Every structure is written in structure tokens, then in C-alpha cells.
Amino acid sequence: MTVLERPTTTTPPDSPPRRRHPTAWLLTAGLAAALLVLVPVAAGTGAYPVPVADVLASGLHRLGLGGGELDRVAESVLWNVRFPRIVLALLVGASLGCAGALMQGVFGNPLAEPGVIGVSSGAAVGAVAAIALGLNVLGTWTVPVLAFASGLLTVLLVYAMARSGGRTEVVTLILTGIAVNAFAGALIGLFLFVADTAAVNQITFWQLGSLSQATWPKVLAVLPCAVIGLAVAPLYARRLDLLALGERPARHLGVDVERLRITLVLVIALLTAAAVSVSGVIGFVGLVVPHLLRMAAGPGHRFLIPGSALLGALVLLAADLTARTVAAPAELPLGVLTALLGSPFFFWLLRRTRRRQGGWA
């Protein structure tokens with residue numbers, strides 16, 4: 001063999017192909033099955049009970065697939081009260097869960113959640129201002145529209161203030177968000193001071209979070225933002241996986257980190273502002289849901305992003321069902337219920353992270 005000839009390489013013996021870990025597929029199937037079961041159960045449960053079989057029959061009848069029409073009262077309860085609330089819970093939960101997964105991927109921190117960049121508090125300022133000042137420019141849409149607009153504007157303001165030299169550092173973005181959150185809290189307090197008693201009660205109810213005012217028009221208002229955000233988010237899963245290696249390795253692998261961060265912050269703002277504008281402030285869904293899936297199936301974003309949307313929808317639907325039935329005929333505020341369940345988990349998460357890292361110092 002001459003020096004210019006390449007030595008022949010021996011092929012390794014055949015080995016069985018790698019199989020993907022089935023956990024992600026099993027979780028996806030399990031979450032989808034749980035949603036299919038919970039939706040008719042939630043639709044039939046309430047002050048006016050409707051058997052699950054009747055719920056399915058009514059749904060099939062509306063879809064033209066058989067079934068049968070129920071009596072007038074049952075049809076009205078299902079399609080004018082229960083189903084708008086269920087669909088809104090699914091959209092809001094999916095939006096918050098997906099936004100939380102994106103937030104934790106962008107910041108590289110499992111303790112991050114959408115409220116960090118000020119979108120929730122910014123939306124709250126718009127809603128509180130509309131209620132306290134008695135604004136009624138858009139009728140019943142005034143509060144949701146102002147909440148959505150102020151949430152988006154707040155995120156853009158936070159990003160503009162954190163940007164320096166054409167770049168935005170994660171730490172600067174977080175600290176700017178904290179400062180803006182504090183300022184938004186002060187504005188909310190000021191509006192509460194000048195509002196009358198009726199407005200204060202309405203503001204308090206909105207801040208506690210609820211889906212009791214769900215209607216089909218509100219569903220249609222959230223639907224475009226939720227669909228756009230949920231459709232765009234999975235497209236960035238691979239780049240988020242690369243970003244998890246660190247900013248410098250991600251840049252070497254061809255990721256435009258700054259553009260990725262700008263795009264995903266806007267997607268997070270779109271999803272969160274749309275959700276908050278119709279439901280009020282509902283905390284801990286964006287924090288708890290992605291971390292539960294990360295512990296179960298690993299940190300890969302190709303499953304984590306759509307999985308968080310599925311689990312977020314399931315969690316919020318179950319929480320809403322609990323909120324309106326556990327203390328019937330009264331209804332617990334949804335944000336209070338999610339905070340009661342999410343706060344202990346957050347404390348456990350802090351303790352677990354601290355123990356793994358051997359302390360914060």
C-alpha cells in the first residue's frame with residue numbers, strides 16, 4: 001500500500017438502532033387521554049348536572065355525527081356556559097404552560113416564569129386603570145383590550161431598557177423586569193386608592209383570577225394569539241436545546257442568540273398577555289408545569305414545549321373545575337387556588353435546587 005492510499009476501515013458489527021425513550025410519547029398520549037376524559041366530565045359537572053353520556057350525545061349532534069339534542073335548558077347550560085369556560089381554560093392553560101417552558105429555556109433557569117419580564121403586572125395595570133377610571137370605550141372589551149395592550153407594551157419597555165450595545169444580557173433583563181414589576185405594583189396601588197368601593201371590589205376579583213365571565217367572544221379574542229404563539233413556539237425547540245449549552249457554544253453552532261431571545265420574548269408576551277387579559281392573574285402554572293415535565297421526561301424542548309401546553313391546559317381545566325365545585329354554590333378564585341397549590345411546590349423546588357447545588361453561595 002502506498003502512502004497516498006487510504007487504509008481500508010472495517011465496519012463495526014451491526015448494533016441495534018437506538019430507540020427513543022418512550023417516556024415522552026407515553027406522557028403525550030396520557031395527557032391527551034386525560035384531556036379527552038376531563039372535558040366531558042367538566043362539562044357535565046356543576047349546579048345543573050348533565051350526565052356525561054348526554055354531553056357526548058349533544059357534542060356528536062352538534063358535529064353532525066349522530067347523537068341527539070338535549071332539552072333546551074341542558075343545551076343552553078352546555079353551550080352557553082360550560083363549553084365557553086372549558087375552551088377558555090384550555091387556551092389559557094396551554095398559553096401559560098407553553099410560555100413558562102419558553103421562559104425557562106430562554107433564561108436557562110427552571111425557576112423562571114412569564115411574570116418575570118413584567119407581562120402579567122403590565123396587563124394588570126391596564127385592566128386596573130380601565131376599571132378604576134370607569135373607561136368604557138370598547139364596551140365589555142375595554143378591560144381585556146387594555147390589559148392585552150399594556151402587557152405587550154410593558155414587555156417591549158423592559159426589553160428596550162435592558163438592551164445595551166445591541167445586546168441584552170439575561171441578568172439585566174431579569175433585574176429590569178423586577179424593577180418594572182415593582183413600578184407596576186405601585187401604579188396598581190395608586191389606582192386602588194382613587195377607585196370607589198365598587199371598582200375596588202371589581203379590581204380585587206380580577207386580580208384573583210377567574211374564568212367565570214367566559215363567553216364565546218372572549219374565546220375568539222384569545223384564539224388567534226394562542227394559536228399563533230403555540231404554533232410558532234415548537235419551531236424554536238432545537239435552538240433552545242443548543243442555547244442550553246451556553247450562549248457561546250450556541251453561537252458557534254450557528255444560533256443567533258439575540259434574535260432568538262427577541263423572538264421568544266415576544267412570543268411569551270403574546271401568549272401571556274392574551275391569557276391574562278381574559279382570566280386575570282393566574283400564577284404558578286408557567287412555573288410548575290414545565291418543571292414537572294422536565295423531571296419526568298428530561299430537558300429536550302421538542303417534547304417540553306408542546307407537552308407544557310398540554311399539561312397546562314389539563315392543570316387549568318382541573319383547577320377551574322375544582323374552583324367552581326369544591327365550595328359550591330360559592331366559587332373559589334382560580335388564581336388563589338393555583339397559588340395555594342403552586343406555592344408549596346415552588347418552595348420544594350427552591351430547596352431541591354439549593355440542595356443539588358450545595359448552597360447558593
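Just so you know, all these numbers are worked out from the coordinates, no wet-lab data involved. What you see is a predicted model; the values in this text were computed from it and never measured. Please note: Cβ atoms are built from the backbone with ideal geometry, for glycine as well, and neighbour counts cover all protein chains shown.
Mean-square fluctuations from a GNM of the chain, with a 10 angstrom spring cutoff on Cα atoms, peak among Ser58, Ser150, Ser308 at Ser58.
Remark: region 256-267, residue by residue, has Karplus-estimated 3J(HN,Hα) of 7, 4, 5, 5, 4, 5, 4, 4, 6, 5, 5, 5 Hz, where x stands for each Gly or Pro and the curve is 6.51 cos²θ - 1.76 cosθ + 1.60 at θ = phi - 60°. Phi-derived couplings, Karplus 6.51 cos²θ - 1.76 cosθ + 1.60 at θ = phi - 60°, listed residue by residue for region 138-144: 10, x, 5, 8, 4, 5, x Hz, with x used for Gly and Pro. Counting only DSSP H runs of at least 4 residues, each contributing -39500 (n - 2.57), and dividing by the residue count of the chain, the helix-based mean residue ellipticity at 222 nm comes to -23000 deg cm²/dmol. For the chain, the spherically averaged projection of the C-alpha convex hull amounts to 27.0 nm². For the peptides 221-227, 121-127, 62-68, 137-143, the ranking by mean Cβ contacts within 10 Å, running from highest to lowest, is 121-127, 221-227, 137-143, 62-68.
Volume of the convex hull of region 204-313 (Cα atoms only), normalised per residue: 108 Å³. Taking amide H as placed 1.01 Å from N in the peptide plane, the amide H of Leu211 sits under 5 Å from that of Leu334, each at least 5 places away or on another chain. Shape summary of region 283-350, radius of gyration then Dmax from alpha carbon positions: 13.2, 43 Å. Each residue of region 275-291 was assigned a 3J(HN,Hα) from its phi angle through the Karplus curve 6.51 cos²θ - 1.76 cosθ + 1.60 (θ = phi - 60°); the sequence is 5, 5, 5, 10, 10, x, 7, 10, x, 6, 5, x, 8, 6, 4, x, 6 Hz, with glycine and proline shown as x. All C-alpha to C-alpha distances of region 97-242, sorted into 10 Å bins beginning at zero, yield P(r) values of 11, 34, 35, 17, 3, 0 percent in whole numbers.
For Gly108, the amide hydrogen comes within under 5 Å of no other amide hydrogen, counting only partners 5 or more places away or on other chains and with H modelled in the peptide plane.
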